[in-house]
Amino acid sequence: MQNALSLSARLPHRSKTSSRSSSALGNRTLFCDFDGPIADVSERYYSTYKLALSAVRSDYAERGERLPIRRLTKAQFWYMKQNRTPDTTIADWSGLSGIQVDDFLNHVATIVNQTTLLQQDQLQPGAKAALHALQDRGHRIVIVTLRQAAQVLDFLHQHDLATTVSQIYGADTTTAAYPNRTEHKIARLKDAIADQQRLGCDTTQSCMIGDTEADICAGQAADIPAIAVTCGIRSSAYLKGFTPSALHRDLYAATQQLILHPKTLFRDYHSYATKSVR
């Protein structure tokens, strides 16, 4: 299932390392999710929801059945997604029932990764500044995602960010990202860390940045700090239930902690880990 793409051999890696800033953070390898921290997928997911509803409506209209569909607003839909409301419940709230829900789910799975919809993904506010800030201080950014690496690279090129990333670990299929299985992210991060260590990179002061419970659990399973951001598909209240090492509004805010107060993050994490063992 692993699909790894190394950018360091294909793309020029800019590094404007400042001795002042590097001394605090060190030349760390930082692992980061893609959807959520870097890419805003909310418009694509809402468009997928609307198209799937319309498809179900059309399917049943052809059979002479008129469904009592109630389309959620984007705010309602995204609130439910951020609190991990199952798609079956979202379908129920939209007026579907029984086999209609299954039809809706099948349409969602078919639609969500269409090329025209992928183009709706937007760069998160502050993400560009965050990636450049880390790169300018000489740190390696490794993306660990359940999206295909080629999709991620295309997006990075579109936003002139390809040279800020050292490596991308993605999925072999286009269907892994939407379900966002925790066990898949744990395996992906474990493989990425092992691979970075084989390349001679120091991962003893690494962390995992992400917007879902899968990212937090992956960091915890790898015994590294997990920094959660709330700009993605999970709410602050939901993420707090998984006890991340830190919680920030977005990647830029997380980066500021890593740059300005890295010792606090890692000291608190190791202190908590030690107490947990006891």
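For region 47-78, give me each residue that is open to solvent by 20 Å² or more (accessible area, probe 1.4 Å), among the hydroxyl-bearing types (Ser, Thr, Tyr) and in a helix (DSSP H, G or I).
If the condition is that a residue be open to solvent by 20 Å² or more (accessible area, probe 1.4 Å), among the hydroxyl-bearing types (Ser, Thr, Tyr) and in a helix (DSSP H, G or I), then Ser54, Ser58 are the ones that fit.
Out of Asp59, Asp92, Asp35, I need the residue that is of a type in the set (Asp, Glu) and within 30 Å of Ala150 (Cβ to Cβ). Which one?
None of the others qualify; the one that does is Asp35.
Does Lys190 satisfy the criteria of being within 29 Å of Trp78 (Cα to Cα) and of a type in the set (Lys, Arg)?
Here the answer is no, as Lys190 does not meet what is asked.
Being surrounded by 19 or more Cβ atoms within 10 Å (Cβ to Cβ) and touching a His at 6+ places or on another chain (Cβ under 9 Å) is true for just one of Ser206, Ser166. Which residue is that?
Sole residue among the options that is surrounded by 19 or more Cβ atoms within 10 Å (Cβ to Cβ) and touching a His at 6+ places or on another chain (Cβ under 9 Å): Ser166.
Could you please find all residues in region 176-203 being of a type in the set (D, E, K, R) and buried (at least 20 other Cβ atoms within 10 Å of the Cβ)?
Step one: of region 176-203, the residues of a type in the set (D, E, K, R) are 181, 183, 185, 188, 190-191, 195, 198, 202.
Passing the criteria: Lys185, Arg188.
Within region 206-226, does at least one residue satisfy the condition of being at pLDDT below 95 and either within 15 Å of the chain's Cα centre (by Cα) or on the phi > 0 side of the Ramachandran plot (or both)?
no
The values are calculated or read from the model by the stated rules, or taken from the named source; none is laboratory data. Here the structure is a predicted model, which means the values were calculated and not measured. Ideal geometry is used to build each Cβ from the backbone, glycine not excepted, and the neighbour counts take in all protein chains shown. Accessible surface areas use protein heavy atoms only, side chains included; no ligands, DNA or RNA. Shrake-Rupley method; radii C 1.70, N 1.55, O 1.52, S 1.80 Å.
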